[in-house]
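In what follows, a single structure is set out as structure tokens and then discussed.
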Amino acid sequence: MPAKPSYARRLKPVIAKLQESSATWIGRRDLEEFLDVSKTVAWRILRHCKAQKGPGGALLFERQQLIIRLQELAAEGGVIAREVARRARVEEQLLAMRSYLHTRQTKVVRDEQAPALVSTRFQNLPANITFTPQSLRIEFYGTEDFLAAVGAIVYALQNDYHAISAFIEKG
């Protein structure tokens, strides 16, 4: 059995397909097709499930017995359960990364305006931002203007935190 079986997540649908099948005996080639695995992996699964030797040394399983053994294999956990859990974690991380990467691709300002935005200081906040010791007001005209204003506030906080803190505490 491979250390991390790629077919692990497909066991339950394959068991359902086998239950619907009318075949009496299942061989390596059948298992290859059902699980979408290589000859070697199908052979290893049959050996692991203790298949019978058939004509010409081929490994064969009675369909009902294979269903029972695959159900046991899926239920016993171990390598299979770890692989299913690992794949679920990877899928969750990929979904989380997708939203993170989407936010990283959002342009806050045009390229030529970026140096001015990054160097925003407390004393030179844009005209559409009104900042008092008790309130912060942003006037904007569309998404681009909103993002630029919020970006200016974030960079001003990063560049002049002490000045902003002192301004708020004085008020």
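The values are calculated or read from the model by the stated rules, or taken from the named source; none is laboratory data. Computed from a predicted model, the values in this text were never measured in an experiment. All Cβ positions, glycine included, derive from the backbone under ideal geometry; neighbour counts span all protein chains shown.
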Mind telling me which of the residues Phe140, Phe146 ends up being surrounded by 13 or more Cβ atoms within 10 Å (Cβ to Cβ), aromatic (Phe, Trp, Tyr) and not in a helix (DSSP H, G or I)? Phe140
Tell me, please, whether a residue that is modelled with pLDDT under 80, closer than 24 Å to Gly27 by Cβ and in contact with a helix residue (DSSP H, G or I) (Cβ under 8 Å, 6 or more places away or on another chain) can be found in region 104-117. no
Name the single residue, out of those in region 44-59 being closer than 17 Å to Ile15 by Cα and either modelled with pLDDT of 80 or more or of a type in the set (S, T, N, Q) (or both), that is farthest from the chain's Cα centre (by Cα). Leu46
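Starting from residues that are under 10 Å from Arg63 (Cβ atoms) and without any contact (Cβ under 8 Å) to a residue 24 or more places away in the chain, keep the ones in region 20-38 and report whichever is surrounded by the most Cβ atoms within 10 Å (Cβ to Cβ).
Asp30
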